[in-house]
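Shown next, in structure tokens, is the structure this report addresses.
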Amino acid sequence: MVKENVIQVEDRESAVIFHIQGDVTRISEPPLKAAYDRLDHKKVKGLLLQFQEKAYFNSEGLKGIIIVLSEARKHQQKAAVTGLSKHFKKIFQMVGIGKLAGVYDTQEEALKSLKDRSKTEG
Amino acid sequence: MVESNKDGSDMAVTQEGRSIELVLPSEVGYERVAMEGAGAFARMLGFPSERIEDLKTAVAEACLNALQHGNRNRPGAKVRVTLTFKEKAISVRVMDEGEGIVEIPDLPETEEAMIRLQPPRGLGMFLIRRLTDAVDFNEPTEKGHVVKMVIRREGCTSLN
């Protein structure tokens with residue numbers, strides 16, 4: 001009934017992009033955390049979580065996102081999120097994910113922000 | 001049933017007092033059935049899309065709590081969801097066969113999670129509280145425990 005997420009990792013100049021396919025629920029945390037743990041944290045300056053706009057998130061899935069974004073903050077990596085519906089943009093801000101990552105409408109905006117923040121914040 | 005006008009108000013008048021009931025097995029994933037059913041009910045009543053999304057998330061989270069924490073995923077235990085439309089609002093009852101919620105956190109422990117890298121607790125109940133116009137988490141019944149929520153058609157949720 002519940003499909004596992006497919007996470008494709010793309011390396012860009014300003015950030016690593018996780019293209020996350022599917023709904024984000026309890027089963028999403030292990031693949032998300034595994035993909036994050038495989039990164040070379042000495043090299044990665046930014047992390048962009050790119051979701052599918054029709055994706056559904058529940059509280060169990062949000063927990064996994066908070067954990068991974070908290071890890072990114074611990075590693076002093078800038079983080080951003082994109083691909084959310086209007087409703088889930090509101091939810092992300094409500095639960096405090098906005099404190100860990102910028103929430104953007106497009107991948108371009110998110111990458112530009114990560115690049116700019118890397119320049120200004122060092 | 002009559003044809004709905006653009007904002008669904010004609011339909012809403014004819015549907016005053018209508019209820020739907022869903023009975024779910026205690027298995028993760030079935031909260032999505034209740035969520036989609038609630039969404040379809042609200043859409044039929046002409047609720048605006050923002051309120052439909054609020055309702056869907058609140059219903060899904062209440063069902064998830066009921067089947068995981070209330071019924072503890074016990075095979076055979078059921079979650080009963082009733083939605084009633086009355087006075088421009090949908091009242092939702094989510095009943096499980098458990099003993100109720102011991103601790104209701106005011107805020108999700110997101111900050112704590114960020115510092116200690118531990119999963120935050122209380123996110124589901126926090127979302128329900130923020131997305132609904134009224135909620136009662138702990139109504140005991142003879143057969144279990146009920147969470148009651150109200151979503152008004154014209155209500156709104158803000159980030160503050």
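Mind checking the mean number of beta-carbon atoms from other chains within 10 Å of the Cβ atoms in A:90-99? Mind showing how you got there, number by number?
Details: counts 9, 9, 0, 1, 11, 8, 10, 2, 1, 3.
Taking the mean over all residues of the peptide, I get 5.
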> Sorted by accessible area (1.4 Å probe), largest first, how do B:His69, A:His41, A:His87 line up?
Replying inline: B:His69, A:His41, A:His87
> Along the charge dipole of the protein assembly as shown, which of A:Ser59, B:Thr82, A:Gly98 sits closest to the positive end, that is, farthest toward it, with unit charges on the beta carbon of Lys, Arg, Asp and Glu (+1, +1, -1, -1)?
Replying inline: A:Gly98
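By the scheme Lys and Arg +1, Asp and Glu -1, what is the net charge of all other residues having a beta-carbon under 10 Å from that of B:Leu83?
Charge balance near B:Leu83 sits at +1.
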>> If you fit an axis through the alpha-carbon atoms of helix A:107-121 and take the longest principal axis of the Cα set of chain A, what angle between them do you get, 0 to 90°, nearest 10?
In response: 40 degrees
>> Which log10 I(q)/I(0) values does the protein assembly as shown give at q = 0.08, 0.11 Å⁻¹ under the Debye formula, counting every alpha carbon as one identical point scatterer?
In response: -0.37, -0.67
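Counting only other chains, and only Cβ atoms inside 10 Å, what mean value do you get across the residues of A:55-65?
That average works out to 5.
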> By how many degrees, between 0 and 90 and to the nearest 10, does the Cα long axis of helix A:59-74 differ from the longest principal axis of chain A?
Replying inline: 10 degrees
>> Multiplying the sequence separation of B:Ser91 and B:Val23 by 0.36 nm and subtracting their Cα-Cα distance, what value in nm do you get?
In response: 22.8 nm
> What is the calculated FRET efficiency for A:Thr120 to A:Ala34, with r their C-beta to C-beta distance and R₀ = 35 Å, to the nearest 0.05?
Replying inline: 0.65
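Taking the Cα centre of the protein assembly as shown as origin, sum charge times position over the Cβ atoms of Lys and Arg (+1) and Asp and Glu (-1), and report the length of that vector in debye to the nearest 20.
That gives a dipole near 580 debye.
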>> Suppose every Lys and Arg Cβ carries +1 and every Asp and Glu Cβ carries -1, with no other charges. What dipole size does region A:83-122 come out with about its Cα centre, to the nearest 20 debye?
In response: 120 debye
> How big is the gap, in Å, between the Cα center of region A:8-41 and the Cα center of region B:54-88?
Replying inline: 31 Å
> What's the average, rounded to a whole number, of partner chain beta-carbon atoms within 10 Å of each residue's beta-carbon in B:24-33?
Replying inline: 2
> Just how large is the dipole of region A:1-43 about the Cα centre, in debye to the nearest 20, putting +1 at every Lys and Arg Cβ and -1 at every Asp and Glu Cβ?
Replying inline: 100 debye
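The values are calculated or read from the model by the stated rules, or taken from the named source; none is laboratory data. Note that the coordinates shown come from a computational prediction; the quantities given were computed from them, not determined experimentally. For neighbour counting, all protein chains shown are included, and Cβ atoms are generated from backbone atoms with ideal geometry for every residue, glycine included. Areas reflect the complete protein model, heavy atoms only, side chains present, ligands, DNA and RNA absent. Shrake-Rupley method; radii C 1.70, N 1.55, O 1.52, S 1.80 Å.
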